[in-house]
1. In this structure, is residue 138 outside any loop (DSSP other than H, G, I, E, B), more than 30 Å from residue 54 (Cβ to Cβ) and either touching a strand residue (DSSP E or B) at 6+ places or on another chain (Cβ under 8 Å) or without any contact (Cβ under 8 Å) to a residue 24 or more places away in the chain (or both)?
2. Hey, which of the strands (runs of 3 or more DSSP E) in the range 170-209, taking only ones fully inside, have at least 3 residues that are farther than 19 Å from residue 273 by Cβ?
3. Of the residues 332, 312, which single one is within 18 Å of residue 279 (Cα to Cα), under 14 Å from the mean Cα position of the chain (by Cα) and modelled with pLDDT of 95 or more?
4. Can you pull out every residue in the range 410-434 that is modelled with pLDDT of 95 or more, more than 24 Å from residue 305 (Cα to Cα) and either out of contact with any helix residue (DSSP H, G or I) (no Cβ under 7 Å at 6 or more places or on another chain) or part of a loop (DSSP other than H, G, I, E, B) (or both)?
5. Looking at (1) in contact with a strand residue (DSSP E or B) (Cβ under 9 Å, 6 or more places away or on another chain); (2) under 21 Å from residue 91 (Cβ atoms); (3) at pLDDT 95 or above; (4) surrounded by fewer than 17 Cβ atoms within 10 Å (Cβ to Cβ), which is the one condition that is false for residue 44?
6. Of the residues in the range 409-440, how many are buried (at least 18 other Cβ atoms within 10 Å of the Cβ) and over 25 Å from the mean Cα position of the chain (by Cα)?
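The values are calculated or read from the model by the stated rules, or taken from the named source; none is laboratory data. Quick caveat: nothing in here was measured; it's all calculated off a predicted structure. All Cβ positions, glycine included, derive from the backbone under ideal geometry; neighbour counts span all protein chains shown.
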């Protein structure tokens, strides 16, 4: 993309091909660091990942085994160690890496994880509410389900250490079935820090053994465990130019059991457990229900003063909710494109959770078939949200609605329109009306040379 773009304020800027967000990025992204003003992950020490890795800590990986070894100084392991190496390192992902595989890189089906007599058919027959009632599952088959889930988790849950950059080679580098669990030690500041994840396709992170919760909702609910990427007790993390989606396991192809969707997915990107200083930029979030949590629980008071996250220039398309849902954190959301379309499964975009402090500005929504601007928000025990310069293409009209005012007009109690802080770490912002084509062409994976 080239040409003059209208920016907020009086400034104007030439952005040429090769700039951040364009289809081609010059240089080696494994050695690139986050810009000094690029969101909350730039705060204080900034985020440089493994950019200073010596030659012996630079790896090109082609399968699960090589990926795990590279995270641990080249030492092979059947499962991902809980204490990965914190030495600076760069992993270049080349090709498609499947994580539901055995040690010989042969594919594993859900049945291969069955333990202790578990089968899905037996589980469904035993805990059918018509037979079991509305109590939580208990007994041998529920214990077997948990053991089976643990067997899958041992294959797909991968833990990177601090000072790590993981970057895809070309547009098609893919991590399939992975749970990339960026996890530090609770109450230990800096125990997992300085991590960059860029230019990767994350596909089909799925849980073969979701938990049946018969009292979750009117009919009950299947609750799965794995995210594509999760951050817990981590800080200074940059998630950039990735594509996160479901393909082979998309919800549209899943069955209903006990009258509700057999949901094998959790989030695409969840940021919880006192994580802090995170920038999420130029990603495509596609074809998924629950996208991003910032904060996991209203009772997680250790999150106060943490969960500072920036979301900018991301594309959200055919997603249901949590884009993001926020508790506690100071979260800056700007220049994102929300392509809701007709929104058959759409619930909301910005979840205003307990003590949340969302500062949203200059975002673009495409909302058809009578979806109104008040639906962009959901009040989830929060009290305030700042939402300014939200440009909406309603199909038959385009305008800049006051999203908070429209929410308040049809809901009680009102949300306050101010949150007591304003962001300072961000680059030039596009006027909201120009966001859609720019983000649509620039978000997601890129070529580099």
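1. Working: outside any loop (DSSP other than H, G, I, E, B): no; more than 30 Å from residue 54 (Cβ to Cβ): yes; either touching a strand residue (DSSP E or B) at 6+ places or on another chain (Cβ under 8 Å) or without any contact (Cβ under 8 Å) to a residue 24 or more places away in the chain (or both): yes.
So residue 138 fails the test.
2. Values: elements: 174-176, 179-183, 193-198, 201-203.
Answer list for the range 170-209: 174-176, 201-203.
3. Numbers: 332 fails: under 14 Å from the mean Cα position of the chain (by Cα).
So the residue among 332, 312 that is within 18 Å of residue 279 (Cα to Cα), under 14 Å from the mean Cα position of the chain (by Cα) and modelled with pLDDT of 95 or more is 312.
4. Quick first cut of the range 410-434, residues modelled with pLDDT of 95 or more only: 410-426, 429-434.
Then keep just the ones that are more than 24 Å from residue 305 (Cα to Cα); that gives 410-414, 429-434.
Of everything in the range 410-434, those that are modelled with pLDDT of 95 or more, more than 24 Å from residue 305 (Cα to Cα) and either out of contact with any helix residue (DSSP H, G or I) (no Cβ under 7 Å at 6 or more places or on another chain) or part of a loop (DSSP other than H, G, I, E, B) (or both) turn out to be 411, 412, 413, 414, 429, 431, 432, 433, 434.
5. (2)
6. 1
Here is a yes/no grid of residues against (1) crowded, with 18+ Cβ neighbours inside 10 Å; (2) at pLDDT 95 or above; (3) under 19 Å from residue 203 (Cβ atoms):
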| site | (1), (2), (3) |
| --- | --- |
| 54 | no, yes, no |
| 84 | yes, yes, no |
| 87 | no, yes, no |
| 103 | no, yes, no |
| 109 | no, yes, yes |
| 112 | no, yes, no |
| 119 | no, yes, no |
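Conditions tested, residue by residue: (1) at pLDDT below 95; (2) within 27 Å of residue 154 (Cβ to Cβ); (3) surrounded by fewer than 24 Cβ atoms within 10 Å (Cβ to Cβ).
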{"position": "189", "(1), (2), (3)": "yes, no, yes"}
{"position": "200", "(1), (2), (3)": "no, yes, no"}
{"position": "211", "(1), (2), (3)": "no, yes, yes"}
{"position": "215", "(1), (2), (3)": "no, no, yes"}
{"position": "228", "(1), (2), (3)": "no, yes, no"}
